[in-house]
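The values are calculated or read from the model by the stated rules, or taken from the named source; none is laboratory data. All values reported here derive from a predicted model rather than from experimental measurement. Please note: Cβ atoms are built from the backbone with ideal geometry, for glycine as well, and neighbour counts cover all protein chains shown.
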């Protein structure tokens, strides 16, 4: 079984630039979105290759840091244009997409082929408590804002910054746990995989792909406002559903691919691990990055977003803590995602 | 140990008709409620007998479809009279009653007699994730309505219908899982139970009892408004507590009976399985039935109902996922039910 | 390894009285708070000694009844001064402090020394469902008040009293379970620990320390209002964070100490058991005590408090149900506590 090659989509990069010059907003929006898919895939491949050269520990750190770099870049461009609610929606959507859609598709596909699959329940447990910690980090500042009538903006920023700082600390702690103190529990069987690219090529690809993602993100975000006017869908929906799918499509493919090859631990690492990374690292980091950029983003998400992330966390914990998966569990996760996507469709208050 | 025979209560059927003619609303309300108990029992017995003739797979499907037919009939009559909030309350109450009261009484009675009982933890896990899916299906449309100030009724209906459709699909998926693809995991030990009734008798009883349930439901619902004026309790309370107890009393008896005989898997199938059926099949089906009847019911429940179902799901998951039960767990479930019932008692805003 | 001796802090008792006479409110507030720490420790030691004389069953009952007597005394003095919101905050804070801070520090310290520790998962399960029951008991009356526009105070008191009564019943049921019907599951290995004090000394210490705690509580509560004016922090924060730390410091030390000695079952008993006791016994008892005192306290907590207790319960359940702990789980619990404490810091609406 071969994974589909998406690199021909790279041809869309120059197309998107030409369209931008022609001022075709809707076309720019769609083409730049699709062009990000193979670029995100290249970033992932470049990181993997570098990681193979660097050895498991540094390699793990590389993956843990650059795993969601595409989302981060898109988010930064959104922050620069002061589209803070769309940033938050895209972070929420990235968590939901990974937890429900990617994991669901993987369990469904893997479960149909292998009937019942097993994975490291202890790793699933650490991921579940990390996600729950993120849920607490999302709820508390929101409750602070919702329940205290009077509060000044400074307080809101202080609470946001402090919570974001604690979450990043917790992300670092989880990395130390997985890679240093309890590495023996999670060590994958040696595969003797050799790097296919020399270090130089890997670095070059990584830099070039990142730069192009930045270019396409700028095009995508710039065309957002006029394109949506034409399409008649809300920014909230774009942030929650479309941007995360674009940014994660390559990862999504890998997760399903590993599930089909009965390597569910790798699937979980991509799907849940990536959600944890967004919740404990990317989202809090944006609180600080947004301060530097001059469009401060607090850590107060909407009730809708809070509820969706909390419910997704609980159903994933229920389904993954026994260390076994089957196609029904996959179908249920996809069902949960579909219910949320439909309910988000008409929300326009962002 | 013999199960108590409730068939003498069938004598109340003609009594309720006479009282209706005499226009004694309060008496009609009470007598028709009690008369439904043995009729629901007959429907259950008829379905079981048919299932024995049909073999395990079709039999399971029969039970999965007709298991909550009494609730469904009462709900349809309530929809016809446009008592939508009472329908929703009765659906919520049916879920809560099965999850907390029936399971609680069974664990308590079984645990006192057998100290510690065990059951199939994997089946409990599938039920728990199905319930959690139902919770997501209940929360999302409600959040849509609560958080979006402006939204038109069409959007509300579209979201309700789509969510209801997904839940019914998920119910079908769970049936396929339990009865086709993973049937080996849940196969009960052969008991060589022979049908006591011929197919014809079973069918006849089923049809007659269903018709009489329809008659009594019509009487019950018709007397609801005047009777409550006399009794001084709210419709909400009747829907949440009284109707579900009437519709499920026969089932309740069976669940406790099985627990006493140390067949906790059968107890779980009745108690949790029945809740899953109401949440993923009966309630969503009513969204579509109500459209046909011309009194459309959306899938937006009250905050109270959402919270109660979510909390019940979490405590049942906590208690059942280890595959063991004891009397304290039963007492705690009953305690949770009592707390909810008392808090519901004074709610009048429906 | 020796536990630090805090008894020299008893010297602060006379100091606090002198300061009271000198009307130094802020100093009285701080000194009386610190003086409670060793007194609470003496109450704990006296109870332990009595329990050793009384045998395991009566001894367990003693610990289960007097385990949070310090919090109870402080709470009663707060009720007398009609500081009901501070009472509720201190109850919430005691639950959160035990569940997150004490358990977190214990898991962290124990996990660093012992890499991975194990404990009785079944006891953790009973604690988790007891906590979940408490969460239901906290949510339902609050939802009743939040969702029903019109309701009279009598109804609010009836619901509060009924829920409080059920919770106390459930606490009694859990005691019967742990000490009578399923005692064999939780029996600690015999240690042949001999009482160090004769019965008389233990009783005397218990009575004297309790009386002094009452004195210091009176001083603390009396200085609350003027001291806070000077300090610029809210009563809510004092109730949630400071009072529980003062009342539980001695217990906190013991919990960490047991974890370091790899006796995590004893740690859990102190940390989670104590939270269960506050939630199912101390808080409901205060509903009735407050009626006697004449400043009725209902059982309606703020949204903030509800959310914090519910989230803490879920993360503790996730972390403890597998019967294993490590330093990361400890760090995550402390992280959750820090997030809550920071968000509470600016809340002033109590």
Item checked: Among (1) more than 14 Å from every other protein chain (Cβ to nearest Cβ); (2) touching a residue at least 12 places away in the same chain (Cβ under 8 Å) - the single one residue B:292 does not satisfy -> (2)
Next item on the list: With respect to residue A:107, determine if the residue is touching a residue at least 60 places away in the same chain (Cβ under 8 Å) and either closer than 30 Å to residue C:308 by Cα or crowded, with 17+ Cβ neighbours inside 10 Å (or both).
Entry: yes
Next item on the list: Quick one: count up the residues across region B:1-21 that are at pLDDT 80 or above and loosely packed, with under 10 Cβ neighbours inside 10 Å.
Entry: 1
Checklist line | Search result, residues across region B:138-160 that are more than 7 Å from chain A (Cβ to nearest Cβ) and either touching a strand residue (DSSP E or B) at 6+ places or on another chain (Cβ under 7 Å) or more than 24 Å from residue B:308 (Cβ to Cβ) (or both) | finding: B:150, B:152, B:153, B:154, B:157, B:158
Item checked: Qualifying position, being under 15 Å from residue A:88 (Cβ atoms) and either more than 14 Å from chain B (Cβ to nearest Cβ) or surrounded by fewer than 20 Cβ atoms within 10 Å (Cβ to Cβ) (or both), among A:266, A:308, A:285, A:255 -> A:285
Item checked: Members of region A:170-180 found to be at the interface with chain C (Cβ under 7 Å from one of its Cβ atoms) and either out of contact with any helix residue (DSSP H, G or I) (no Cβ under 9 Å at 6 or more places or on another chain) or without any contact (Cβ under 8 Å) to a residue 24 or more places away in the chain (or both), listed by number -> A:173
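Could you say which residue among B:271, B:279, B:196, B:285 is over 28 Å from residue B:159 (Cβ atoms) and assigned to a helix (DSSP H, G or I)? If you could, list the steps in order and put the result at the bottom.
Working: B:279 fails: over 28 Å from residue B:159 (Cβ atoms); B:196 fails: assigned to a helix (DSSP H, G or I); B:285 fails: over 28 Å from residue B:159 (Cβ atoms).
Of B:271, B:279, B:196, B:285, the one residue that is over 28 Å from residue B:159 (Cβ atoms) and assigned to a helix (DSSP H, G or I) is B:271.
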Check: Within region A:54-104, which residues are within 13 Å of residue A:251 (Cα to Cα) and in a loop (DSSP other than H, G, I, E, B)?
Finding: A:67, A:68
Item checked: Criterion (within 9 Å of another protein chain (Cβ to nearest Cβ), closer than 25 Å to residue A:339 by Cβ and in a helix (DSSP H, G or I)) met by exactly one of A:135, A:126 -> A:135
Check: Would you pick out the residues in region C:110-123 that are at negative phi and either more than 10 Å from chain B (Cβ to nearest Cβ) or free of Cβ contacts under 8 Å to residues at least 24 places away in the same chain (or both)?
Finding: C:110, C:111, C:112, C:113, C:114, C:116, C:117, C:118, C:119, C:120, C:123
Checklist line | Residues of region C:249-296 satisfying the condition of being at positive phi and touching a helix residue (DSSP H, G or I) at 6+ places or on another chain (Cβ under 7 Å) | finding: C:262
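Residues checked against (1) closer than 23 Å to residue B:236 by Cα; (2) assigned to a helix (DSSP H, G or I); (3) more than 19 Å from the chain's Cα centre (by Cα):
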{"residue": "B:306", "(1), (2), (3)": "yes, yes, no"}
{"residue": "B:311", "(1), (2), (3)": "yes, yes, no"}
{"residue": "B:315", "(1), (2), (3)": "no, yes, no"}
{"residue": "B:319", "(1), (2), (3)": "no, yes, yes"}
{"residue": "B:322", "(1), (2), (3)": "no, no, yes"}
{"residue": "B:334", "(1), (2), (3)": "yes, yes, no"}
{"residue": "B:337", "(1), (2), (3)": "yes, yes, no"}
{"residue": "B:340", "(1), (2), (3)": "yes, yes, no"}
{"residue": "B:344", "(1), (2), (3)": "yes, yes, no"}
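Only residues that are more than 9 Å from every other protein chain (Cβ to nearest Cβ) and buried (at least 24 other Cβ atoms within 10 Å of the Cβ): list them for region C:334-350, please. First the steps, then the outcome.
So in region C:334-350, the residues more than 9 Å from every other protein chain (Cβ to nearest Cβ) come out as C:334, C:337, C:341, C:350.
Across region C:334-350, the qualifying residue is only C:337.
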Notebook entry, point to check: Quick check: anything in region C:126-144 over 22 Å from the mean Cα position of the chain (by Cα) and surrounded by fewer than 16 Cβ atoms within 10 Å (Cβ to Cβ)?
Noted result: no
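What number of residues in region A:318-332 are more than 9 Å from chain B (Cβ to nearest Cβ) and buried (at least 23 other Cβ atoms within 10 Å of the Cβ)?
Taking region A:318-332 first, the residues more than 9 Å from chain B (Cβ to nearest Cβ) are A:320, A:323, A:325, A:330.
Those still in the list that are buried (at least 23 other Cβ atoms within 10 Å of the Cβ) too: A:320, A:325, A:330.
The number of residues fulfilling the criteria is 3.
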Next item on the list: Report yes if residue B:153 is farther than 18 Å from residue C:126 by Cα and surrounded by fewer than 23 Cβ atoms within 10 Å (Cβ to Cβ), otherwise no.
Entry: yes
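So which residues in region B:229-243 are farther than 18 Å from residue B:9 by Cα, part of a helix (DSSP H, G or I) and in contact (Cβ under 8 Å) with a residue 12 or more places away in the chain, if there are any at all? Quick ask: steps written out before the conclusion?
Start the filter on region B:229-243 by keeping residues that are farther than 18 Å from residue B:9 by Cα, which leaves B:229-241.
With the extra rule that they be part of a helix (DSSP H, G or I), the set shrinks to B:229-231, B:235-241.
Within region B:229-243, B:230, B:231, B:235, B:236, B:237, B:238, B:239, B:240, B:241 qualify.
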Next item on the list: Could you tell me which of the residues C:173, C:202, C:211 is part of a helix (DSSP H, G or I) and loosely packed, with under 14 Cβ neighbours inside 10 Å?
Entry: C:211
